[in-house]
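All remarks here apply to the structure that follows.
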Amino acid sequence: MRLPFVAAPGWWAGAKCRLERIEVAHFFTREESQEARKVCADCLVRYRCLTEHLDEPFGVWGGHTRDERNKVQSAMDR
């Protein structure tokens, strides 16, 4: 699935998913989610990606699923 072009923040230029031109989808099957997490595992901007997308309702961002991002957000709000 190709998503429309959206202007990206400067830090995203170093994202592994972008550098490797990996297709990004908003909805993942379990297998696709695991593959996305593998890409994120050694990405240089993983933590920035995570913190920038804590409220994102879909997909894997910074190596975390929506449910995992919700837990991170809850911990930060304490």
**Close pairs (9 angstrom Cβ cut-off, 6 or more residues apart or separate chains): farther than 15 Å from Gly62 by Cα in segment 1-20, modelled with pLDDT under 55 and part of a loop (DSSP other than H, G, I, E, B) anywhere** = Met1/Ala25; Met1/His26; Leu3/Ala25; Leu3/His26
**Subset of segment 13-31 (residues that are surrounded by 12 or more Cβ atoms within 10 Å (Cβ to Cβ) and either at pLDDT 80 or above or polar (S, T, N, Q) (or both))** = Gly14, Ala15, Lys16, Cys17, Arg18
**Item:** Count - residues of segment 34-65 that are crowded, with 16+ Cβ neighbours inside 10 Å and either assigned to a helix (DSSP H, G or I) or among the basic types (Lys, Arg) (or both)
**Value:** 8
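The values are calculated or read from the model by the stated rules, or taken from the named source; none is laboratory data. Note that the coordinates shown come from a computational prediction; the quantities given were computed from them, not determined experimentally. Every residue, glycine as well, gets a Cβ built from its backbone with ideal geometry; the counts of neighbours run over all protein chains shown.
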